[in-house]
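Trainee: Questions regarding the structure given below will be posed in turn.
The values are calculated or read from the model by the stated rules, or taken from the named source; none is laboratory data. The shown structure was predicted, so the numbers you read here are calculated from the model rather than taken from an experiment. Here the Cβ positions follow ideal geometry from the backbone for every residue, glycine too, while neighbour counts run over all protein chains shown.
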Amino acid sequence: MASPLDDAAARAARYLAGIRDRRVGPVDIGGLPESAFPDEPATPEEILAVLDGAGSPATVATAGGRYFGFVTGGALPAAVAASWLVSAWNQNAALEIMSPAAIHFEDQAIRWVVEALGLPADSTGAIVTGATGANFTAVCAARTALLRRAGWDPDEDGLFGAPPIRVVAGEEIHVSMVKALGLAGFGRQRLHRVPVDGQGRMRADALPPLDGRTLVCIQAGNVNTGAFDPAAGICARARQAGAWVHVDGAFGIWAAASPKYRHLTAGLKDADSWATDAHKWPNTGYDGGIAIVRDRSALRHAMTVNAAYLPEGPKREPSQHGPEMSRRARGVELWAALRSLGRRGLADLIDRTCAHARAFAQGLDGQAGLEVLNEVVLNQVLVSAGSAERTNRLTRSVQADGTCWCGGTVWQGRTAMRISVSSWLTDEQDVARSVAAIRRLASDLD
């Protein structure tokens, strides 16, 4: 009889081998088990049989090439394999003494991200759960730096009675950024929202006066249009005023790794902190957020706690640079993904997926009553079928059809179906097949 690990590997391999041919939405959710907590134990074989037999058909095929919802990349084979090994290691990547291997690969992965994105070489960072966690981590560092300059230590004395910090963001700030600001104590309704242009870019000419107690949050990749805030002008004004600039770059900041799209990120290196997701580009598995901070002391001061049983070594200790103590060695998966791609492979991944997005726009705009609403500058395409009701029906039809999966959104008052191309597995055939299905379903709406 195969061991549980062999059984799991075989089942996972079969699942991935069939991912390209199955429908993208769930095949069957009726078999998911429900019961009271059992009295008796079960064997690993019995558990895997239930997980695979009932769970696999109820998954959404995000690991395939025709999933275009929620900016989700399919995990690279090297990242998946590394994840299995990391699970077998079962390391706590909090301190180097707990796992020298985990910390070594994580440190190297962070350095590679800094190099690939052209960020300041002396920056430090943390690998967290996702962009929300990365934004939160960076915002805490900003809070520490800005208030300590004003003579207040928020990490020791809290925020009651602290000098106020003004938070400036664009009208189309992402909800994860708003959540992070709320968690950091800035409030979700106290933002100064700057008007944006027709593509969702913050208007630099509409910025309020900035000073040394201002946190400016800009976007690298609008979640609907892919557009970039004008970082060069905003960062120049902020630096002159002593303000802190944070970049929410969940997916778009990876454009800096592509010679073809790097121009979109001009000026981003002059910010003070950056947040991104590895499970979008460069296609690691969930979860893999990355926070990068220029001011090492600010991040460390915001995140450090001490105890006699937590000895620190001379290297960067992950638990002293991010919000988590006990944590999985997720940096190993990021290392594996980046090492499997290299600079050329990472640039090619971005270039290919962006080319696929343009192919979607060209294949849908003006066809079967469809209209592309945005300038396709990266990997995001917004499609309208006319009225909000008709567009929502199209989105539901696409999801039910199963050829591909796209999500719905509302952008600048227009209801749209959003197509996000992020997976290494997507090819021209996937795009052509999906375009044909969307056009067919749009023609059938009436």
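Trainee: Return yes when Glu46 is acidic (Asp, Glu), surrounded by 10 or more Cβ atoms within 10 Å (Cβ to Cβ), more than 30 Å from Gly407 (Cβ to Cβ) and without any contact (Cβ under 8 Å) to a residue 40 or more places away in the chain and no when it is not.
Mentor: Working: acidic (Asp, Glu): yes; surrounded by 10 or more Cβ atoms within 10 Å (Cβ to Cβ): yes; more than 30 Å from Gly407 (Cβ to Cβ): yes; without any contact (Cβ under 8 Å) to a residue 40 or more places away in the chain: yes.
So Glu46 fits the description; yes.
Trainee: Something else about it: Grab the strands (runs of 3 or more DSSP E) fully contained in region 229-339, keeping just those with 3 or more residues being within 23 Å of Trp112 (Cβ to Cβ) and β-branched (Val, Ile, Thr).
Mentor: Once the strands (runs of 3 or more DSSP E) in region 229-339 are filtered for at least 3 residues that are within 23 Å of Trp112 (Cβ to Cβ) and β-branched (Val, Ile, Thr), what remains is 289-293.
Trainee: Among the residues in region 409-420, are any within 15 Å of Gly65 (Cα to Cα) and touching a residue at least 40 places away in the same chain (Cβ under 8 Å)? Working first, answer last.
Mentor: Initial filter on region 409-420 (within 15 Å of Gly65 (Cα to Cα)): 419-420.
When the remaining residues are screened for being touching a residue at least 40 places away in the same chain (Cβ under 8 Å), the result is 419-420.
Yes, region 409-420 has at least one match.
Trainee: Taking the criterion of being under 30 Å from Leu95 (Cα atoms) and either part of a helix (DSSP H, G or I) or not β-branched (Val, Ile, Thr) (or both), would at least one residue in region 350-360 satisfy it? Can you show your working first?
Mentor: Kept after step one, since they are under 30 Å from Leu95 (Cα atoms), are these residues of region 350-360: none.
So far as region 350-360 goes, no, none of its residues is under 30 Å from Leu95 (Cα atoms) and either part of a helix (DSSP H, G or I) or not β-branched (Val, Ile, Thr) (or both).
Trainee: Which is over 30 Å from Ile438 (Cβ atoms), touching a residue at least 60 places away in the same chain (Cβ under 8 Å) and assigned by TED's automatic domain parsing to the domain that holds Val178, of Ala131, Ala102, Ala121? Give the steps one after another, and end with the answer.
Mentor: Values: Ala131 fails: over 30 Å from Ile438 (Cβ atoms); Ala121 fails: touching a residue at least 60 places away in the same chain (Cβ under 8 Å).
Exactly one of Ala131, Ala102, Ala121 is over 30 Å from Ile438 (Cβ atoms), touching a residue at least 60 places away in the same chain (Cβ under 8 Å) and assigned by TED's automatic domain parsing to the domain that holds Val178, namely Ala102.
Trainee: Let me ask something else about it. Consider only pairs whose beta carbons are under 9 Å apart and that are at least six residues apart or on different chains; among these, list those whose first residue lies in region 266-277 and is closer than 12 Å to Cys235 by Cβ and whose second residue is of a type in the set (D, E, K, R) and assigned to a strand (DSSP E or B).
Mentor: Correct list of pairs: Trp274/Asp248.
The rows are residues; the columns are (1) aromatic (Phe, Trp, Tyr); (2) under 27 Å from the mean Cα position of the chain (by Cα); (3) surrounded by fewer than 18 Cβ atoms within 10 Å (Cβ to Cβ).
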site	(1), (2), (3)
Val139	no, yes, no
Phe160	yes, no, yes
Ile165	no, yes, no
His174	no, yes, no
Val178	no, yes, no
Leu183	no, yes, yes
Arg188	no, yes, yes
Pro195	no, yes, yes
Pro209	no, no, yes
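Trainee: Additional query: Residues to consider are Gly363, Gly345; find the one that is in a helix (DSSP H, G or I), in contact with a Lys or Arg (Cβ under 9 Å, 6 or more places away or on another chain), surrounded by fewer than 20 Cβ atoms within 10 Å (Cβ to Cβ) and at pLDDT 95 or above. Full working, then the answer.
Mentor: Values: Gly345 fails: in contact with a Lys or Arg (Cβ under 9 Å, 6 or more places away or on another chain).
Within the list Gly363, Gly345, the selection yields Gly363.
Trainee: Which one of the conditions (1) small (Gly, Ala, Ser); (2) in contact with a Ser or Thr (Cβ under 7 Å, 6 or more places away or on another chain); (3) more than 22 Å from Ile350 (Cα to Cα) does Gly25 fail to meet, given that it meets all the rest?
Mentor: (2)
Trainee: Can you give me the number of residues within region 76-93 that are outside any helix (DSSP H, G or I) and either surrounded by 15 or more Cβ atoms within 10 Å (Cβ to Cβ) or touching a residue at least 24 places away in the same chain (Cβ under 8 Å) (or both)?
Mentor: Initially, region 76-93 is screened for residues outside any helix (DSSP H, G or I), giving 76, 90-93.
This time we only want the ones that are either surrounded by 15 or more Cβ atoms within 10 Å (Cβ to Cβ) or touching a residue at least 24 places away in the same chain (Cβ under 8 Å) (or both), so: 76, 91-93.
Counting residues in region 76-93 that are outside any helix (DSSP H, G or I) and either surrounded by 15 or more Cβ atoms within 10 Å (Cβ to Cβ) or touching a residue at least 24 places away in the same chain (Cβ under 8 Å) (or both) gives 4.
Trainee: Something else about it: What is the one condition in (1) surrounded by 13 or more Cβ atoms within 10 Å (Cβ to Cβ); (2) under 24 Å from Gly407 (Cβ atoms); (3) in contact (Cβ under 8 Å) with a residue 24 or more places away in the chain that Gly55 does not satisfy?
Mentor: It is condition (3) that Gly55 fails.
Trainee: Mind checking whether some residue in region 310-319 is buried (at least 24 other Cβ atoms within 10 Å of the Cβ) and touching a residue at least 12 places away in the same chain (Cβ under 8 Å)?
Mentor: From region 310-319, those buried (at least 24 other Cβ atoms within 10 Å of the Cβ) are 318; that's our starting set.
Next, only the ones that are touching a residue at least 12 places away in the same chain (Cβ under 8 Å) stay: 318.
Checked against the condition, which is being buried (at least 24 other Cβ atoms within 10 Å of the Cβ) and touching a residue at least 12 places away in the same chain (Cβ under 8 Å), region 310-319 yields at least one hit.
Trainee: Only one of (1) surrounded by fewer than 23 Cβ atoms within 10 Å (Cβ to Cβ); (2) touching a Gly at 6+ places or on another chain (Cβ under 9 Å) fails for Gly331. Which number is that?
Mentor: It is condition (1) that Gly331 fails.
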